[in-house]
Amino acid sequence: MLQNSYIVWSGASLIDGSAIALILTGFVNPTSNRKTGRLIQSWILQQEFVPTEAAKNGLDQGICGNCPLKLSQSGSCYVNLLPINNMYRKYKTGTYPKLGTNEIEVLKRYRYPVRIGSYGDPTAVPIEVWEPIILASKKYTGYTHQWQLCDRRWQKYLMASVQSQAEAELAQMQGWRTFRIIAPDAPLSQGEVLCRHTEDDRIQCETCLLCDGASSKPNVADPVHGLNWKVSNFLKYTESVAI
């Protein structure tokens, strides 16, 4: 019987060697996220720390790497960690079954799009773990802040997540398409388009799939949104690194 959530892999983070795990959710009950729509969600967790504890105390290096949006840095990460705490507890009690060939066949049959890294940087997990899932679905979105350090094979699947125009240009020179969070009144750069959901909230990631790695598609920018205090932290951060 198909379950909603599965543990895919556990092992050493490719970022810092710490113990991490990869979980997929959404096989039965689709996400309530109005922006993404029905995507299989993927969550990368530290094995030994409750997510809120890890984020607060800077113990999330193994899953977040050098992301400047972390709570212990700029404090502007968009992810709500409270539901992920519940996921972590279920993982620790062994609630989730192991992902197997049956679930891969479900992805092949129904082509459910996959969100590569709903929480955590995908490149912390070996690409060989991800590819059977990605290739089964053939529809996906994903980003990495580790674009300067990770395996370049990820360029096929992920966009480089960048925080400034200069950083975007550097990533693009290295072969990445870029996704840039911008201030509400910031202009777009040449070759950059606004997130389609921002332009029209009836458009969801599950049908757009613009953010899917190296291709002829344009680069994407999206005005910062979310909780007011996180938006405020992001604007302070961008002011401090403005180029």
Subject >> Residue under evaluation Ser10, criteria (1) touching a helix residue (DSSP H, G or I) at 6+ places or on another chain (Cβ under 8 Å); (2) within 20 Å of Ile127 (Cα to Cα); (3) among the hydroxyl-bearing types (Ser, Thr, Tyr), criterion not met >> reply: (1)
Subject >> Extreme residue, nearest to Tyr6 (Cα to Cα), among residues of region 54-88 that are in a helix (DSSP H, G or I), in contact (Cβ under 8 Å) with a residue 12 or more places away in the chain and open to solvent by 50 Å² or more (accessible area, probe 1.4 Å) >> reply: Leu82
Original post:
Just for region 37-53: of the residues that are in a loop (DSSP other than H, G, I, E, B) and open to solvent by 10 Å² or more (accessible area, probe 1.4 Å), which one is modelled with the lowest pLDDT?
Top reply: Arg38
Original post:
Yes or no: Ala221 modelled with pLDDT of 90 or more and small (Gly, Ala, Ser)?
Top reply: yes
**OP:** Taking the residues in region 178-215 that are over 26 Å from Asn228 (Cα atoms) and under 15 Å from the mean Cα position of the chain (by Cα) as candidates, determine which candidate is most open to solvent (accessible area, probe 1.4 Å).
**Re:** Glu206
**OP:** Out of Pro97, Pro126, report the one residue that is over 17 Å from Ser13 (Cα atoms) and surrounded by fewer than 20 Cβ atoms within 10 Å (Cβ to Cβ).
**Re:** Pro97
Original post:
Within the group Pro223, Pro218, which residue is open to solvent by less than 50 Å² (accessible area, probe 1.4 Å), closer than 16 Å to Gln163 by Cβ and of a type outside the set (D, E, K, R)?
Top reply: Pro223
Original post:
Name the pairs whose Cβ atoms lie under 9 Å apart, with the first residue in region 224-241 and more than 17 Å from Leu71 (Cβ to Cβ) and at pLDDT 75 or above, the second assigned to a helix (DSSP H, G or I) and not hydroxyl-bearing (Ser, Thr, Tyr), and 6 or more positions between them or separate chains?
Top reply: His225/Val231
**OP:** Name every residue in region 144-177 that is under 24 Å from Glu103 (Cα atoms) and surrounded by fewer than 20 Cβ atoms within 10 Å (Cβ to Cβ), in order of residue number.
**Re:** Lys156
Subject >> Breaking point among (1) crowded, with 21+ Cβ neighbours inside 10 Å; (2) under 17 Å from Ala21 (Cβ atoms), for Leu107 >> reply: (2)
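The values are calculated or read from the model by the stated rules, or taken from the named source; none is laboratory data. Just so it is clear, the structure is predicted and the values come from calculations on it, not from any experiment. Note that each Cβ is placed from the backbone with ideal geometry, even for glycine, and that neighbours are counted across all protein chains shown. The area values use the complete protein model at the heavy-atom level, side chains included, leaving out ligands, DNA and RNA. Shrake-Rupley method; radii C 1.70, N 1.55, O 1.52, S 1.80 Å.
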